Each structure stands twice: as structure tokens, then as C-alpha cells.
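**Student:** Input: one structure, supplied below.
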Amino acid sequence: GQNIDQPTEMTATEGAIVQINCTYQTSGFNGLFWYQQHAGEAPTFLSYNVLDGLEEKGRFSSFLSRSKGYSYLLLKELQMKDSASYLCAVWKGSGGGADGLTFGKGTHLIIQP
Amino acid sequence: DTAVSQTPKYLVTQMGNDKSIKCEQNLGHDTMYWYKQDSKKFLKIMFSYNNKELIINETVPNRFSPKSPDKAHLNLHINSLELGDSAVYFCASSQEGTGWDGQYFGPGTRLTVL
């Protein structure tokens, strides 16, 4: 079966750093995505990791360890607008994106002043 | 310009009715998808279409049928609506090949079945 686990909810303080973890066990693996979703809105793409290591993009970084089936999303200098759900998703396909993404249940991040 | 658009944004209907949701993308992408997000915010793939061919159908009841008149459109038809169909339905698109940057999602259609 497919199993993608991430914490249901996390709370952090404005200006701080937070790390959202994701572990996965899937029948195939061709990359891991992180999406951000604000309440009532569509998910928006944050990052994509296919090789082991850290990908940095401004205040957001994403890490992948394929041998451990593990990823994390690191958010620095937290802002109130970062309050949202963060979705970890695995792409199982072997070429192109036609097989869709398998999502975890999302982590609801609450930023406090 | 909106990259992926869906209509309607909200849809309220009675059990047993038939309804459609439309999706259009102007990104020139090859593949389009339908996802369902339930009340617990769990996002799950329903269908994937590539060049007007159905690629995946993830154990979705046959009351749901995707229709793709061309590469830029993927509509979702739902027959005999049930209470459990209430959810937010997202259309998405992506481009195959290298440098894949994920899927672009439409704004969602919130379906409420009474």
C-alpha cells in the first residue's frame, strides 16, 4: 500500500524556524513534492526533490533521504502569512507526470505572534 | 491570465442529480488531473488524462466520468450524486518531460450534496 505520514498540526512563533517532517512508503518513487495550501485555496507548488540532499529556495528548504524514506520542509523567518497546510506528496511515476501525485494528509501550521 | 480555471466555484445540489464541473488550462500542458479533497483535507487523485487518453482511474465509482474534448479541457461529470460526494474537487495540469515543476492546481469547486 501507500503510506505517507506527516504531523497533523504544528505551532510556531513568528520569526522562528520550523521543520515539518514527512515519511513515506510507496510502491514506486520518482520524486517528492511539498505544496502549501491556505484555507479555501488551491495547493501551490513549493519544492521538488528527486535526489538526496537539501534544496534551498529563499526562506524555504526541502530535504530528501531516499534510503530512509524521509523528507522535511524547513521554513525560516516565519511570517504570519505562512499559516497554512503543508502537503507532502510522492510522485511514483517513471516518466512524465501522468500518474498523478500521492499526498499525505497535510500538516496544519499555526504561526503565533 | 488564470493558468488553470474551474467552473463553478460552488455547487449545491440534491442527492440523485447529475452535475458537471468544467476545467480549462492555458499552460499548454500535456496532462490534466482531477483530485478530490474531503472534509479532513485529504487530497486524493481521481483521474489522470494525457493527450485525451485516460491514464489512471483510482478506484473511483463509475458514476464519475472524465471527458476531455481537447488537450486544454478536462471536465468531470457526476451522475446520481450521493451525500458522500460532498467535497472540494480540484483540477490540475502538468507538463511531461525533464524539469518537471509539479502540478498546477485550479481554484477548486466546492460541491455540497443535500
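The values are calculated or read from the model by the stated rules, or taken from the named source; none is laboratory data. Predicted, not measured: the structure shown is a model, and the values here were computed from it. Ideal geometry is used to build each Cβ from the backbone, glycine not excepted, and the neighbour counts take in all protein chains shown.
**Student:** When both residues are 6+ apart or on different chains and their Cβ atoms are under 8 Å apart, which pairs have a first residue that lies in region B:73-95 and is within 14 Å of another protein chain (Cβ to nearest Cβ) and under 19 Å from B:Ser39 (Cα atoms), and a second that is among the polar types (S, T, N, Q) and assigned to a loop (DSSP other than H, G, I, E, B)?
**Tutor:** Matching pairs, first to second residue: B:Ala87/B:Ser39.
**Student:** Output the residue which, of all residues in region A:59-87 that are part of a loop (DSSP other than H, G, I, E, B) and farther than 17 Å from A:Ile111 by Cβ, is nearest to the other protein chains (Cβ to nearest Cβ).
**Tutor:** The selected residue is A:Arg66.
**Student:** Considering region A:71-92 alone, what residues qualify as being farther than 20 Å from B:Phe42 by Cα and touching a residue at least 40 places away in the same chain (Cβ under 8 Å)?
**Tutor:** A:Leu74, A:Leu75, A:Lys76, A:Glu77, A:Leu78, A:Gln79, A:Met80
**Student:** Further question: So how many residues does region A:16-30 have that are modelled with pLDDT under 95 and either on the phi > 0 side of the Ramachandran plot or polar (S, T, N, Q) (or both)?
**Tutor:** 4
**Student:** Hey, any hits in region B:66-83 for a residue that's surrounded by fewer than 16 Cβ atoms within 10 Å (Cβ to Cβ) and closer than 27 Å to A:Ile4 by Cα?
**Tutor:** no
**Student:** Got at least one residue in region B:38-45 being modelled with pLDDT under 90, in a loop (DSSP other than H, G, I, E, B) and within 17 Å of A:Gly93 (Cα to Cα)?
**Tutor:** No, because not a single residue in region B:38-45 is modelled with pLDDT under 90, in a loop (DSSP other than H, G, I, E, B) and within 17 Å of A:Gly93 (Cα to Cα).
**Student:** Mind listing whichever residues of region A:23-57 are facing chain B (nearest Cβ under 9 Å), of a type outside the set (A, V, I, L, M) and not in a strand (DSSP E or B)?
**Tutor:** Passing the criteria: A:Gly31, A:Gly40, A:Glu41, A:Pro43.
**Student:** I've got another one for you. Being over 18 Å from B:Phe42 (Cα atoms), surrounded by 15 or more Cβ atoms within 10 Å (Cβ to Cβ) and modelled with pLDDT of 95 or more, is that true of even one residue in region A:33-45? Give the steps one after another, and end with the answer.
**Tutor:** Taking region A:33-45 as the starting set, the residues that turn out to be over 18 Å from B:Phe42 (Cα atoms) are none.
No, region A:33-45 has no match at all.
**Student:** Would you point out which residue out of A:Leu54, A:Leu78, A:Leu87 is crowded, with 19+ Cβ neighbours inside 10 Å and under 15 Å from the mean Cα position of the chain (by Cα)?
**Tutor:** It is A:Leu87.
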